[in-house]
Amino acid sequence: MEVWDDLPGQDKAITALRRAVAEGNPAHAWLFTGPPGSGRSNAARAFAAALQCQLPDPAQRGCGQCKACVTVLAGTHPDVALIATEKVNYQIEDVRELITKAQDRPSTAPWRVIIVEDADRMTERTTNVLLKSIEEPPPHTIWILCAPSPADVLVTIRSRCRSVSLAVPTRQAVAELLVRRDGLTAEQADFAARVSQSHIGIARRLARDEEARRRRDRTVRMPLRIRSVSDAVMAAAELVELSTAEATASSTERAETEAAALRTALGMDADSPIPAQQRSQFKALEENAKRRARRSTHDALDRSLIDLTTFFRDVLLLQLRSGTELVNEYLSDNLHAYANASRPEATVAKIDAIAEARVRIGANVAPLLAIEAMMVTLRPTK
Ligand SMILES: [Zn+2]
């Protein structure tokens, strides 16, 4: 298994990254762009692993088997840092700390690699601090910035980075990955790839976790239940509750997977005690998991709103008779009935209301308040 195997639909990006590794003289700053779920951070991690891979032949690097590859992918390689923020924006102090870290020589590997998830969550002032280090990087340091699109990063940064854009993988590519790697049936994999709209991480959770499927189903059906203001208020409370449950479940699962990967990397059994010298590595994993759990509640809520949007997207497509495939094909009867009872203008207004709620929550409005206001506008209208 190579480090590139879990990046479905990204052949073009992989070719470019392989070449950069094989040539042995990679650019010092990279910008990985792609929509959420396209696998930006996975691609960044795979590239970091290939850069640090211990195989002597550069053209073969990214083997996925050596200690460097395994520990980079598990998130425990000492010279690869992955930085994310649980806040809306990175704090300037966090970035200063990163830059100090970038000055250090790598301890064992050829490079010090710093992956910045969500580089779009940086204010201009913070970006300028980072810019200096990217303009004149220490010879052994490689920055990998991730963002949804090049436009989300200041042009001063963008112009100094080598850019890699990730495509939204096709439904088939995601489904194939789920069958091959996660052992799902073709039918399960196809359903998950479809309703997640090719978001790999979400597709995998939905395919493997019946509770996650149930939560999504409750969310998508909400518009069918909302008739009155009090229905709307109840639906809002339920949506927040479902998202919190989803966030807790997904971060617990990820923490467990990472701890298991680290045990394997260190050659330990599932139940052998952690030796003293390795405790700090497990501790770091735990800290990471806690940080992510805080952020994932926000992300899960946002994801629920996207799920809710797919209902109205499907309704609108039916109303416009576009013939495009429905995301929620399994609710086809309900969607047809809903579409026939209202007009496209009303559907567009509802899609806008959800988009506005997402923006307000992103701007730190209390989630329940923003969602209640939104749910009230989701009552059926002609
Ligand atoms: Zn390797």
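The values are calculated or read from the model by the stated rules, or taken from the named source; none is laboratory data. Worth saying up front: this structure is predicted, and the values here are computed from it rather than measured. Reconstructed Cβ throughout: ideal geometry from the backbone, glycine too, with neighbour counts over all protein chains shown. Protein only, heavy atoms only, side chains kept; ligands, DNA and RNA dropped before computing areas. Shrake-Rupley method; radii C 1.70, N 1.55, O 1.52, S 1.80 Å.
Under 5 Å between amide hydrogens, which residues at least 5 positions from Ile142 or on another chain qualify, with H placed 1.01 Å from N in the peptide plane?
Those qualifying (amide H under 5 Å, at least 5 residues apart or on another chain) are Arg112, Val113, Ile114.
For a protection proxy built on the mean count of beta-carbon atoms within 10 angstrom, sort 193-205, 356-368 highest first, please. Spell out each step's value before the answer.
Details: 193-205: 23.1, 356-368: 15.4.
Descending mean neighbour count gives 193-205, 356-368.
Of Lys67/Lys132; Lys101/Lys283; Lys101/Lys290; Lys67/Lys283, which pairs sit farther than 24 Å apart, going by alpha carbon to alpha carbon?
Values: Lys67/Lys132 33 Å; Lys101/Lys283 20 Å; Lys101/Lys290 22 Å; Lys67/Lys283 20 Å.
The pairs that break the limit, which is 24 Å between Cα atoms, are Lys67/Lys132.
If I take the Cα coordinates of the chain and project them onto the principal axes, what are the three extents in Å, biggest first?
Per principal axis, max minus min of the Cα coordinates gives 65, 46, 41 Å.
So if we plug the beta-carbon distance of Leu55 and Gln91 into 1/(1 + (r/R0)^6) with R0 = 41 Å, what FRET efficiency do we get, rounded to 0.05?
0.60
Toward the positive end of the charge dipole of the range 219-377, about the Cα centre and with charges on Cβ (Lys, Arg +1; Asp, Glu -1), which of Pro273, Leu368, Leu308 goes farthest?
Of the options given, the answer is Leu368.
Could you tell me the accessible area of Asp352 in Å² (1.4 Å probe, neighbours in place), rounded to the nearest ten?
Counting only protein heavy atoms, the figure is 90 Å².
Over the range 305-377, with every protein chain in place, what whole percent of the accessible area is carbon and sulfur at 1.4 Å, could you tell me?
57 percent
Quick one: Cα centre-to-centre distance for the range 306-382 and the range 1-77, in angstrom?
Going from one Cα centre to the other spans 38 Å.
Which whole-Hz ³J(HN,Hα) couplings does the range 344-351 yield from phi under the Karplus relation 6.51 cos²θ - 1.76 cosθ + 1.60, θ = phi - 60°, glycine and proline marked x?
For the range 344-351, the Karplus curve yields x, 4, 5, 5, 4, 4, 5, 4 Hz.
Mind putting a number on the dipole of the chain about its Cα centre? Charges go on the C-beta only, +1 for Lys and Arg and -1 for Asp and Glu, and I need it in Debye to the nearest 20. Mind dumping the intermediate values first?
On the way: 51 positive and 49 negative charges, 95 e Å.
Approximately 460 debye in magnitude.
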